[in-house]
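Participant: If you scroll down you'll find the structure; I have some questions about it.
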Amino acid sequence: QVEQMVQQSLAQFGQIDLLFNNAGSFRSVAPVWEVDPETWWQDVTTNLYGSLLCCRAVLPHMRARNTGVIINMDGGGGAHGPNIAGSGYGCSKAALLRLSEGLARELEIDGSAVLVFCINPGFVRTEMTEYIASTPACLQWQGFVKEWIEKGLGKQPWDCAKATMKLLAIAS
């Protein structure tokens with residue numbers, strides 16, 4: 001599927017200048033001793049493995065042109081500390097940060113001008129965060145999520161888009 005997406009993009013636009021990995025799955029909301037391992041693994045698969053596959057698919061084209069930007073969305077789920085009752089999301093996002101750092105260094109050593117960033121906008125109100133706030137486990141373990149939503153705290157998705165545009169302006 002990823003390769004097909006890249007081929008369709010290349011056919012339509014001729015080149016790929018930007019990859020923004022914004023996949024997010026946070027369906028596993030429970031402490032480790034109660035978590036459903038399959039749901040936990042799906043969070044990791046979507047958030048980390050999906051981003052890896054997209055990076056691998058666009059990198060041959062970006063490296064051949066020696067230009068491009070990859071932005072991976074951390075989401076703040078684990079890179080700065082534990083994600084209580086959200087270990088699948090937290091582990092995957094912490095690993096995504098390390099993947100981004102490693103890939104950036106590999107490209108640098110390879111002499112490539114392709115840039116890699118991992119951004120963490122903090123708490124963003126989305127369907128995913130609203131889902132989390134509706135779960136009994138969230139109320140027990142991450143009650144602040146519902147509280148923040150009710151108070152209108154956090155960023156809106158368009159705030160992330162604006163920040164991304166600023167980053168791209170600086171990177172170009």
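Participant: Which value, in Å to one decimal place, does the Kirkwood hydrodynamic radius take for the chain when every pair of different Cα atoms is included?
Facilitator: 17.1 Å
Participant: What shape does segment 74-170 have by the C-alpha gyration tensor, where a ≥ b ≥ c are the square roots of the eigenvalues, rounded means a/c under 1.5, and otherwise prolate means a/b greater than b/c and oblate the rest?
Facilitator: Oblate shape, in that a/c is at least 1.5 and b/c is the bigger or equal ratio.
Participant: With θ set to phi - 60°, apply the Karplus curve 6.51 cos²θ - 1.76 cosθ + 1.60 along segment 34-39 and write out the HN-Hα couplings as whole Hz, x wherever there is a Gly or Pro.
Facilitator: Working through the residues one at a time gives 10, 5, 7, x, 5, 5 Hz.
Participant: Which cross-chain or sequence-distant (5 or more) residues have an amide H under 5 Å from the amide H of VAL124, H modelled 1.01 Å from N in plane?
Facilitator: Those lying under 5 Å, H to H, from VAL124 are LYS155.
Participant: For the chain, what does the helix formula give at 222 nm: sum of -39500 (n - 2.57) over DSSP H segments with n ≥ 4, over the residue count, nearest 500 deg cm²/dmol?
Facilitator: The helix contribution divided over the chain gives -17500 deg cm²/dmol.
Participant: Mind checking which lysines have their C-alpha under 17 Å from LYS166, skipping anything on the same chain fewer than 8 residues away?
Facilitator: In chain and number order, the partners are LYS155.
Participant: Hey, how many Å between the Cα centroid of segment 94-145 and the Cα centroid of segment 1-42?
Facilitator: Cα centres, segment 94-145 to segment 1-42: 12 Å.
Participant: Moving to a separate point now. Step through the residues of segment 9-21 one at a time and calculate ³J(HN,Hα) from phi using the Karplus curve (6.51 cos²θ - 1.76 cosθ + 1.60, θ = phi - 60°), rounding each to whole Hz and writing x for Gly and Pro.
Facilitator: 5, 5, 5, 7, 10, x, 7, 10, 9, 9, 10, 10, 7
Participant: Using modelled amide H (1.01 Å from N, peptide plane; none on Pro or chain starts), what sits under 5 Å from the amide H of ILE70, excluding residues fewer than 5 places away?
Facilitator: Counting only residues 5 or more places away or on other chains, the set is LEU19, LEU115, VAL116, PHE117.
Every number in this text was worked out from the coordinates using simple rules, so none of it is lab data. These numbers come from a predicted model, not from an experiment.
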